[in-house]
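The block underneath contains the structure these notes are about, expressed in C-alpha cells.
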Amino acid sequence: MPNVSIAQPDVTLHLDLDGVIRKASLSNGVSDESVEAWLGRPWGETVANGGGRSVQVMVDDARQRGVSGFRQVAQRFPSGHELPMEYMTVRLGGDLGLLAVGRNLHAVA
C-alpha cells in the first residue's frame, strides 16, 4: 500500500453561531502556541491587518449557506506571533455552532 499523506488542519476552531471561539485545537506544527486566551473572544479579534472582515464573511456564509469559501487571514496568536492562514468554515447543524479549519500557508510556501 502506498504511503498516503492526509492534510490535517493546523488550527481548528469551534465557534458559536456569533463567531465566538468556544474551543480551539492546534496541530503538532503549531502546538507550541497557547490559545487559551482565544476562548470566549470573537474570532475576528484574533486576526491581524483588517482580517476581521474576512472572518465575518466566513461566519456569515457558513451560518446562511452551511459552508464558506476559503479565505486568507493573518492569524495572531496570544504570544504575538502571526501566521498566514487559509480558513474555511462550516455549520455543524442546528445550534451546534460552526467549525473553522485553517491551514498554515507559511508551511505551504
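I'd like the carbon and sulfur percentage of the solvent accessible area for the chain, probe radius 1.4 Å, heavy atoms only, ligands and nucleic acids excluded. Intermediate results must be reported in sequence, preceding the final value.
On the way: 3160 of 6310 Å².
Within the chain, the accessible surface is 50 percent carbon and sulfur.
Any idea of the accessible area per residue across the chain, 1.4 Å probe, to the nearest Å²? Walk me through the intermediate numbers first.
On the way: 6310 Å² over 109 residues.
Solvent-accessible surface per residue comes out at 58 Å².
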Once amide H atoms are built 1.01 Å from N in the peptide plane, which residues 5 or more positions from LYS23, or in another chain, come under 5 Å H to H?
HIS14
Between the modelled labels at GLN56 and LYS23 (7 Å from Cα along Cα→Cβ) the distance in nm is 2.8 nm
Going residue by residue through segment 16-26, the Karplus relation 6.51 cos²θ - 1.76 cosθ + 1.60 with θ = phi - 60° gives ³J(HN,Hα) values, rounded to whole Hz and with x marking Gly or Pro, of 7, 5, 8, x, 8, 6, 9, 9, 8, 9, 10
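Could you tally the net charge around GLY97, taking each other residue with its Cβ under 11 Å from the Cβ of GLY97, Lys/Arg +1 and Asp/Glu -1?
Details: positive: ARG22, LYS23, ARG63, ARG91; negative: ASP16, ASP18, ASP95.
Counting the neighbours of GLY97, the net charge comes to +1.
Suppose only helical runs count, i.e. DSSP H with n ≥ 4. What mean residue ellipticity at 222 nm does that imply for the chain under -39500 (n - 2.57) per run, divided by all residues and rounded to the nearest 500 deg cm²/dmol? Don't skip to the end; give the middle numbers.
Numbers: 2 runs with 18 residues, N = 109.
Value at 222 nm, helices only: -4500 deg cm²/dmol.
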Given Cβ point charges of +1 (Lys, Arg) and -1 (Asp, Glu) and nothing else, what value in debye, to the nearest 20, does the dipole of the chain about its Cα centre take?
240 debye
Local net charge near HIS81, Cβ-Cβ under 10 Å (Lys/Arg +1, Asp/Glu -1)
-2
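The values are calculated or read from the model by the stated rules, or taken from the named source; none is laboratory data. Note that the structure is predicted; figures quoted are calculated from it, not measured. Virtual Cβ from ideal backbone geometry, glycine too; neighbours counted across all protein chains shown. Accessible surface is based on the protein model in full, side chains and every heavy atom, while ligands, DNA and RNA are left aside. Shrake-Rupley method; radii C 1.70, N 1.55, O 1.52, S 1.80 Å.
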